[in-house]
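Student: Quick one: structure below, then a few questions.
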Amino acid sequence: MPQTEKSYFSHETAVIDEGCTIGEGTKIWHFSHIMTDCIIGKNCNIGQNVVVSPEVVLGNNVKVQNNVSIYSGVICEDDVFLGPSMVFTNVINPRSAINRRGDYRKTVVKKGASIGANATIVCGHNIEEFAFIGAGAVVTKTIPAYALVVGNPAKQIGWVSEWGHRLEFNTKGSATCPESGEKYMIHEGKVTKI
C-alpha cells in the first residue's frame, strides 16, 4: 500500500491488492475485493462481498452496500450511495470469446446521487448530482440532476431534493424540501437549488 500507516479499517477476510489508495476512516467489510490501482476516499463504507475493479475511483463518504460490483471505468463522486446488489456494466456488447478490455465505457456518478437496490447502470451513462435511481431500475441513458427515475428501462417520474424527498413544484416553478426547508426552482426542465 502507498500509505505507510494504515488509517482505515479492513476486515481480515477482505482482499486489498497492491497499488490502492484508501482514505482515512474508510471501512472495508467481509469478503470484499479492492483491486489494483483503485482510489477510495475518506470515510467510505464498503459493505461485504463488494468488488471494486482496477482503477475505479470513489470519492469521500461513499456508501457501498453488500454485494455490489463496481467495474473499471466507474467514478463515484463524494456522498454517493450504492444500494445492495446494484451493478455497473463497463462494456456495451460483452462476449466471452472476444476481449473488449480496451472498450470500457466511462460512467460518472455525481455528488450526492443515490442508486437503489438491484439497479443496473448500463455503461456510458452518467448519473448527475443528487439524482435518485429507484430499486431495480435499469438506467440506459444519462440521468439529470435531482431526477427521480424508476423501472426498466428507467423513466423519470419526478424530482427529489438533496435530502431525498419528492419535490412538488408550484405554478411559479418553485418547491421546498419538507425536511430541510431548502428551496428549488425548475426552469426549462432543469432543477436547481436556490
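Student: For P178, state whether it is within 24 Å of Q65 (Cβ to Cβ), of a type outside the set (F, W, Y), modelled with pLDDT of 95 or more and part of a loop (DSSP other than H, G, I, E, B).
Tutor: On the way: within 24 Å of Q65 (Cβ to Cβ): no; of a type outside the set (F, W, Y): yes; modelled with pLDDT of 95 or more: yes; part of a loop (DSSP other than H, G, I, E, B): yes.
Against the criterion (within 24 Å of Q65 (Cβ to Cβ), of a type outside the set (F, W, Y), modelled with pLDDT of 95 or more and part of a loop (DSSP other than H, G, I, E, B)), P178 does not qualify.
Student: Which residue is surrounded by the most Cβ atoms within 10 Å (Cβ to Cβ), if the candidates are limited to region 159-176 and must be within 22 Å of K110 (Cβ to Cβ) and in contact with a strand residue (DSSP E or B) (Cβ under 6 Å, 6 or more places away or on another chain)?
Tutor: Only one residue tops the list, namely W159.
Student: Can you find a residue that is under 21 Å from N90 (Cα atoms) and polar (S, T, N, Q) anywhere in region 159-171?
Tutor: no
Student: Moving on to the next point. If you scan region 181-194, which residues turn out to be surrounded by 11 or more Cβ atoms within 10 Å (Cβ to Cβ) and part of a loop (DSSP other than H, G, I, E, B)?
Tutor: Residue satisfying the conditions is E182 alone.
Student: Filter region 102-136 down to residues that are farther than 20 Å from L167 by Cα and without any contact (Cβ under 8 Å) to a residue 24 or more places away in the chain and give me whichever is farthest from the chain's Cα centre (by Cα).
Tutor: That would be G102.
The values are calculated or read from the model by the stated rules, or taken from the named source; none is laboratory data. Only a predicted model underlies this, so the values are computations on that prediction, with no experimental measurement involved. All Cβ positions, even for glycine, are placed from backbone atoms using ideal geometry, and neighbour counts span all protein chains on display.
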